[in-house]
Structures are given as structure tokens and as C-alpha cells.
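Notes for the one structure printed next.
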Amino acid sequence: MPTERFYRLPEEKKRIIRDAAFKEFARVPIDKVSINQIIKEADISRGSFYTYFEDKWDVLGYIFEESQARIHTLCSIYLEESGGDIWYMLERVMDCLLETCSEKEKFDFIKNALSHASSDELVSGLSGSKQECDRLNDELLRHIFSHYNKEQLRPMEYREFFAFFQLAMFAIAVEIKSFFEGTSVEEIRKSFTLRMDILRRGVCPLTSGDA
């Protein structure tokens, strides 16, 4: 996790450091990332870097946290503008992520992260950030649970809703991974629509007890 000193920096200074780090993580695979290059691009001293971050994983964790916060903001915006339509919210988030991933630098950044995704080093390096992201995810989910249109889903407790939402977000993650494997946007949209339709309608025939 970044230090409190980093979080107290002016927003513009944090943005410059964040952009410099993002550029470096997009330029080369994670194991080739150079802290010296980040320092040079951000125009800060090596000493300053280590008062803000412990290592490159701290920087990467901060970038992930910011991305997570952006997705949370989008979910809240789309849910509010649709009057609580959770299916609209999921579709718009999918669209937004596809648009973001189509930008070259962001494409390169995510591709480099995905190529390292199964690494124990990545999991260990981001453990602190994962805890924070888990906390933010719980806050988001409870917000959505309180504000979605209850007529769209059958009555369910929070635990059931949590499982449903995990499946929906997993579907988005699968399609994004497919995008980086070369699947066309058109095919991804078709696949995502199918997955959402299965979630919406289920796969078992209705029985008299279900009516």
C-alpha cells in the first residue's frame, strides 16, 4: 500500500507519478519494470519514491485500486441513471471496459498484468492491495444491493445476491480476457449477451412449484 505521505501529495503530483508508473508497466512485462524509469519519468528523486512506495508492487497496487474505484463509480452512475436497472449497469460497465482496453497503452498495461496473473510473485506483491480492493468491493456490492430495482430479480438475501453478482463480474472478466486473446468485439458482445441471458432466465425449466 502507498504511504500516508503519498496520499497527502497534491492531486496533480499523484497523477504525474501514477501516469509515469502506468507508462512503465505498459512498456515492459512486470518482471522487467524499472523503478529508475518511473523516477525519471515522474521527475522525482529515488529517496522520494521510497517514502511513497515500498516497491514496484506498491505502485501497481495503487494503479489497481484506482481502476477499481473507477469501476465502482461507473456502477453507481449507471445504476442511478437507469433507475436501478442492474442489467443495464452490467452492460454499460462491459462496454466501458471494452472501450478502455481498446486504447493502446491501456491494452499493453492490462496484457502485461494478465501475462503475470498466475504468478505467486504477483499474488504476494499485491496482497495488501487485494485486502483494500475486497473492502471496496464489499462497499460497492452493499450499495448496489440497496439500490437495484427489486422487481428485476426474485427476492433474495444479501448472500445470494453476492453470489449472483460474482457470477456477473466473472462473466465480464472472462470476456475481457477473451478480448486480449484476439476475440473480436462483436463476438465478445454476443457471448456476453448470452451469459447475461442465462443469468437472467436460468437454465432449468419452470415447474408448477416455481410459478
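The values are calculated or read from the model by the stated rules, or taken from the named source; none is laboratory data. These numbers come from a predicted model, not from an experiment. Cβ coordinates were reconstructed from backbone atoms using ideal geometry, including for glycine residues, and neighbour counts include every protein chain displayed.
Numbers at a glance
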{"read-out": "Meets criteria (within 17 Å of the chain's Cα centre (by Cα) and modelled with pLDDT of 95 or more) for residue 89", "value": "yes"}
{"read-out": "Residue count for the range 8-32, restricted to those that are surrounded by fewer than 21 Cβ atoms within 10 Å (Cβ to Cβ), free of Cβ contacts under 8 Å to residues at least 40 places away in the same chain and not basic (Lys, Arg)", "value": "6"}
{"read-out": "Matching option when the condition is farther than 26 Å from residue 22 by Cα, part of a loop (DSSP other than H, G, I, E, B) and at pLDDT 90 or above, among 154, 189, 142, 195", "value": "154"}
